[in-house]
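A.B. asks: The structure that follows is given in the form of structure tokens.
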Amino acid sequence: MPGTNASALATDHARDLDRVSAEIADLEQPPGPAHAEQATRLASCRVNRASLSGDVSEMRRAAASVDAALAWFGPWPDLCYLRAGVHLKQHRLADAVASLERADGLADSPDGRAIRADADLQLGRYANARRAYERLVAETGSWDSLARLAHFEQMLGDPERAEALFAAAADEITAKELRSYAWVETHRGVLHQRHGRLDEAEQHYERARAAYSGYWLVEKHVAGLRAAQGRLDEAIAIAEGVAARVARPELAQAAGDLLRRAGQLDAARAWHGRALAGYLESASLGEVQYHHHLAEYYADVEGDGGAAVLCAERDHELRPHYATEAALAWALHRAGRPDEALEAAHRVLASGVRDPHVLEKINAIQASVACAR
């Protein structure tokens, strides 16, 4: 295109990656960070870039840089908060809380309480999590506190209130926070899609795309929407593009799942092999954030119910909440252990979960057991 340079063609996401990379390069200039504030800024940029890229190995390296800064400068509050956030992403909930407690007063700050509430949710302490989210919304009214409460309502409360809270969160975001706006709009789309409102989901995904172009998180969900709309070829093209660009094994599995659904078995096997390699690499390094995905992979791709149960049990031990309980119920079902699967399914329902995706599998387990009796 005449008169158009590369920067003009770059997406918002690509420009942000370049900007953060340049800031990291500047902060890494010898002799390196001279004090805790500089070290925190560098570590924060590395974590931010890893979150932007979605690259699992990059987040691993970013976490190591936070640990190195903590070892050198001690429990600087911003470093402790940063480490707690990464621990939470990696499903190390006790470590997340312990990181907060290293710095005086951090665990009781609004940011610290938000992370503790997120940990409570994943530990099945639903009443504690709800109270904390409600209090944070009342105290701060920030977009992220509204979004946290919206997610809780989406999964365990009132989906209509969830939509209202997500809308309020979007209204709180400034023009300088377009990635955050895209994140909220994407999750509004997910809420509508899971309840079968595909046109509304489309609208929110398109808002997210318009606000912050090139964001792999948005495209991942657009691929799922296209599949739900019956536009499987488009779904596959988007999913493969995202999986090729972003080094996350769950994205490779999503591409493989769509290809298998389309009957393209050789291509599906290639993506599934890539996904399994990523999951197993993570597990070999002592990481735990992919136990849930491994359980689903073994149950639905490999048809290995025994392996699925082992992974689901490990995950549930660490995070005893409705989603891990549902994964365990499904794994037991696939392993041919109907009575145990039904008991786990009843525990899922007792949690009050409202998510249609979870309930669909629970209903399938109940129907299968009923038919067998």
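A.B. asks: Could you pull out the residue among 212, 298 that is crowded, with 17+ Cβ neighbours inside 10 Å, within 20 Å of residue 51 (Cβ to Cβ) and in contact with a helix residue (DSSP H, G or I) (Cβ under 8 Å, 6 or more places away or on another chain)?
C.D. replies: Only one candidate passes the filter, namely 212.
A.B. asks: Could you identify the single residue in 224, 214 that is of a type outside the set (S, T, N, Q), under 20 Å from the mean Cα position of the chain (by Cα) and at positive phi? Outline the logic, then answer.
C.D. replies: On the way: 224 fails: at positive phi.
214 is the lone residue from the list that is of a type outside the set (S, T, N, Q), under 20 Å from the mean Cα position of the chain (by Cα) and at positive phi.
A.B. asks: Another question, then. What about residue 127, is it of a type in the set (A, V, I, L, M, F, W, C), at pLDDT 95 or above and over 25 Å from residue 172 (Cβ atoms)?
C.D. replies: Judged against the criteria, residue 127 is a match.
A.B. asks: Restricting to the range 137-161, count the residues that are hydroxyl-bearing (Ser, Thr, Tyr) and farther than 13 Å from residue 117 by Cβ.
C.D. replies: Residues meeting the conditions: 1.
A.B. asks: Can we say residue 201 is crowded, with 22+ Cβ neighbours inside 10 Å and either modelled with pLDDT under 95 or in contact with a His (Cβ under 8 Å, 6 or more places away or on another chain) (or both)?
C.D. replies: Numbers: crowded, with 22+ Cβ neighbours inside 10 Å: yes; either modelled with pLDDT under 95 or in contact with a His (Cβ under 8 Å, 6 or more places away or on another chain) (or both): yes.
When the stated conditions are applied, residue 201 passes them.
A.B. asks: Sticking with this structure for a sec: I'm trying to understand the selection: among the residues of the range 327-369, which are open to solvent by 80 Å² or more (accessible area, probe 1.4 Å) and either at positive phi or touching a residue at least 40 places away in the same chain (Cβ under 8 Å) (or both)?
C.D. replies: Of everything in the range 327-369, those that are open to solvent by 80 Å² or more (accessible area, probe 1.4 Å) and either at positive phi or touching a residue at least 40 places away in the same chain (Cβ under 8 Å) (or both) turn out to be 354, 357.
A.B. asks: Within the range 173-189, work out how many residues are open to solvent by 20 Å² or more (accessible area, probe 1.4 Å), over 22 Å from residue 10 (Cβ atoms) and not charged (D, E, K, R).
C.D. replies: The qualifying residues number 3.
A.B. asks: Could I ask something else about it? If the requirement is being within 30 Å of residue 335 (Cβ to Cβ), surrounded by fewer than 17 Cβ atoms within 10 Å (Cβ to Cβ) and in contact with a His (Cβ under 8 Å, 6 or more places away or on another chain), which of these qualifies: 262, 283, 252, 277?
C.D. replies: Testing whether each residue is within 30 Å of residue 335 (Cβ to Cβ), surrounded by fewer than 17 Cβ atoms within 10 Å (Cβ to Cβ) and in contact with a His (Cβ under 8 Å, 6 or more places away or on another chain) leaves just 283.
A.B. asks: Would you confirm whether any residue within the range 139-153 is out of contact with any His (no Cβ under 6 Å at 6 or more places or on another chain) and more than 30 Å from residue 93 (Cα to Cα)? Show your work before the answer.
C.D. replies: Taking the range 139-153 first, the residues out of contact with any His (no Cβ under 6 Å at 6 or more places or on another chain) are 139-153.
Subset that is more than 30 Å from residue 93 (Cα to Cα): none.
No, because not a single residue in the range 139-153 is out of contact with any His (no Cβ under 6 Å at 6 or more places or on another chain) and more than 30 Å from residue 93 (Cα to Cα).
A.B. asks: Additional query: Suppose we keep only residues that are aliphatic (A, V, I, L, M) and touching a Lys or Arg at 6+ places or on another chain (Cβ under 8 Å) within the range 12-48. Which one would you say is farthest from residue 81 (Cα to Cα)?
C.D. replies: Result: 17.
A.B. asks: Let me ask something additional. What number of residues in the range 302-313 are surrounded by fewer than 18 Cβ atoms within 10 Å (Cβ to Cβ) and either at positive phi or in contact with a His (Cβ under 6 Å, 6 or more places away or on another chain) (or both)?
C.D. replies: Total satisfying the criteria: 1.
A.B. asks: Which condition number in (1) touching a residue at least 60 places away in the same chain (Cβ under 8 Å); (2) in contact with a Gly (Cβ under 6 Å, 6 or more places away or on another chain); (3) assigned to a helix (DSSP H, G or I) is the one that residue 278 fails?
C.D. replies: Among (1) touching a residue at least 60 places away in the same chain (Cβ under 8 Å); (2) in contact with a Gly (Cβ under 6 Å, 6 or more places away or on another chain); (3) assigned to a helix (DSSP H, G or I), the lone unmet condition for residue 278 is (2).
A.B. asks: For residue 358, indicate whether it is in contact with a helix residue (DSSP H, G or I) (Cβ under 9 Å, 6 or more places away or on another chain), at pLDDT below 95 and not in a loop (DSSP other than H, G, I, E, B).
C.D. replies: No.
A.B. asks: Here is a further query. Go through 322, 298 for me and flag whichever is touching a residue at least 60 places away in the same chain (Cβ under 8 Å) and of a type in the set (Ser, Thr, Tyr).
C.D. replies: Only one candidate passes the filter, namely 322.
A.B. asks: Just checking, which of 50, 96 is touching a His at 6+ places or on another chain (Cβ under 6 Å), open to solvent by less than 70 Å² (accessible area, probe 1.4 Å) and not polar (S, T, N, Q)?
C.D. replies: 96
A.B. asks: Continuing with this model, one more query. Could you pull out every one of the helices (runs of 4 or more DSSP H) wholly within the range 1-102 that has 3 or more residues that are closer than 23 Å to residue 243 by Cβ?
C.D. replies: In the range 1-102, 12-27, 36-53, 56-73 are the helices (runs of 4 or more DSSP H) which contain 3 or more residues that are closer than 23 Å to residue 243 by Cβ.
A.B. asks: Can you work out which of the residues in the range 15-64 that are of a type in the set (Gly, Ala, Ser) and more than 27 Å from residue 216 (Cα to Cα) is modelled with the highest pLDDT? First the steps, then the outcome.
C.D. replies: Residues of the range 15-64 that are of a type in the set (Gly, Ala, Ser), as a first pass: 21-22, 25, 32, 34, 36, 39, 43-44, 50-51, 53-54, 57, 62-64.
Keeping just the survivors that are more than 27 Å from residue 216 (Cα to Cα) gives 32, 34, 36, 39.
Values: 32: 79, 34: 81, 36: 90, 39: 93.
Of everything passing the filter in the range 15-64, 39 is modelled with the highest pLDDT.
The values are calculated or read from the model by the stated rules, or taken from the named source; none is laboratory data. Fair warning: this is a prediction, and the values are worked out from it, not measured in the lab. Note: ideal-geometry Cβ built from the backbone for every residue, glycine included; neighbour counts use all protein chains shown. Ligands, DNA and RNA are excluded from the accessible area calculation, which covers all protein heavy atoms including side chains. Shrake-Rupley method; radii C 1.70, N 1.55, O 1.52, S 1.80 Å.
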